Every structure is written in structure tokens, then in C-alpha cells.
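Participant: Pasting a structure below so you can have a look.
The values are calculated or read from the model by the stated rules, or taken from the named source; none is laboratory data. Just so it is clear, the model here is predicted, and its values are computed rather than measured. Every residue, glycine among them, receives a Cβ derived from its backbone with ideal geometry; neighbour counts consider all protein chains shown. Side chains included, ligands, DNA and RNA excluded: accessible areas come from the protein's heavy atoms. Shrake-Rupley method; radii C 1.70, N 1.55, O 1.52, S 1.80 Å.
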Amino acid sequence: VPRKNGKTEWAAGVAHLALARLGVIGGEVYSIAATTDQAGIVFNAALSMVAHSPALADIYETRKKSLYCPALHTVFRPLSVNAHGKHGLKCLVLIGDEAHEWKSADLYEFVRQSMGLWAEPLEWIISTGDKPEGYGHELWDESEKIAEGSLDDPETLVDHAADNAKSI
């Protein structure tokens, strides 16, 4: 989806649904990206939604590095680039931001492996486009094949707009 078309806010909304409305006790939502700052963008959008919505503010405890829903013991955190030291995750929803920037699959695969606890985990991968190198390019190629029908993956939905699209 082209830049400035609401991908971040859309992903933050998905995080809120997972945290407060799916009814899954103990679920964890993580945003990951090529940099720690980038991983924080979706998280900060979710925090901003809480700050501007009394209904959301009643549901959550906001903390410096997490958003916590005490009724369901769910949490949303951005994760740093390094997979080291991230053992014990129970990821229900993985939000991967700017996937075209990912040089390797290390953090993505590490977090993805923590999703085995859940019957219906969700990955929400965001990208503005293609780069001809790195793991993000592999994901891009795979999504293109799924979208065009040359790769059958019934568990993956690819939603993207043309390069010249002006809005979603």
C-alpha cells in the first residue's frame, strides 16, 4: 500500500482488537521492524488512540514501553531489532512494519515461532514497496506470487495497491 495511506493506524487498530476484543487471555502483540524507532511507530499510534479515546483509556493501563489490558492480561510492545534475549514470548499478533527494509529474518522468525501456543495467531506485515535485497524482498516476492495465484497459500491474504494508487 503506498505511503501515507493509513497502514500504521490500520495496524494499530488491529492491535487494539487483539488486545481488548478477541477475548484471548494472555495474548501478546508485538511490532517489529528494521530499527527500534520504526518498531515503535505502530505502538505509538496505538498509544495515541488511547490518549484520544476515553473508551480505550478505560480499557488500558499505558506504560512507557507497553500497553496493558488488565481485564485480559494482554500486552502490546514494540521489539528491538535484535532477537537476542527475547525468550518466553507468547505472540498472538505480530505486526511487522516496513518489511522491505528487513535485512534478515532473525527477529521475524524468532517472534513467529512464539505463536505456536495460539489456535489462530495473526501476522500483519506492512510494506510500502520492493527493495532488491534482503529478507523483505523474499517476503515481497512470495506475496506477489500469492496475489497473482502462482503460489497457493490458503493461510495468507495479500492486500496491496498499485504503485500509482492515491488511496486505499
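Participant: What whole-number value in Å² describes the accessible area per residue of the range 20-103 for a 1.4 Å probe?
Facilitator: Using a 1.4 Å probe on heavy atoms only, each residue of the range 20-103 averages 50 Å².
Participant: May I pose another question? Would you please give the residues with an amide H less than 5 Å from that of Ala34, counting only those at least 5 places away or on a separate chain, with H modeled from the backbone geometry?
Facilitator: none
Participant: Pulled fully out, how much extra length does the chain show between His87 and Glu61, if you take 0.36 nm times their separation in residues and subtract their Cα-Cα distance?
Facilitator: Here the answer is 7.0 nm.
Participant: Now a separate question. Order these peptides, 27-39, 94-106, 56-68, by their mean beta-carbon neighbour count within 10 angstrom, highest first.
Facilitator: Top to bottom by mean Cβ count within 10 Å: 27-39, 94-106, 56-68.
Participant: If I fit a long axis through the Cα atoms of helix 36-51 and take the longest principal axis of the Cα atoms of the chain, what angle between them do I get, 0 to 90°, rounded to 10?
Facilitator: 50 degrees
Participant: Then there is this: Using alpha carbon coordinates only, what is the Rg to Rh ratio of the range 18-149, with Rh defined as the Kirkwood radius?
Facilitator: 0.99
Participant: Then there is this: Suppose each label sits 7 Å from its Cα in the direction of the beta carbon; what would the Lys4-Asp152 distance come out to in nanometres?
Facilitator: It is 4.3 nm.
Participant: Now for a separate question. Considering only the range 1-86, what is the antiparallel percent among its DSSP beta bridges, to the nearest 5?
Facilitator: 55 percent
Participant: Using a 7 Å offset from the Cα along the Cα-to-Cβ direction at both Leu22 and Glu142, what is the distance between the two label points in nm, to one decimal?
Facilitator: 1.9 nm
Participant: Computing the accessible area with a 1.4 Å probe over protein heavy atoms, can you report the carbon and sulfur percentage for the chain?
Facilitator: Exposed carbon and sulfur together represent 51 percent of the surface.
Participant: OK, next. When DSSP beta bridges are limited to those with both residues in the chain, what percentage is antiparallel, rounded to the nearest 5?
Facilitator: 30 percent
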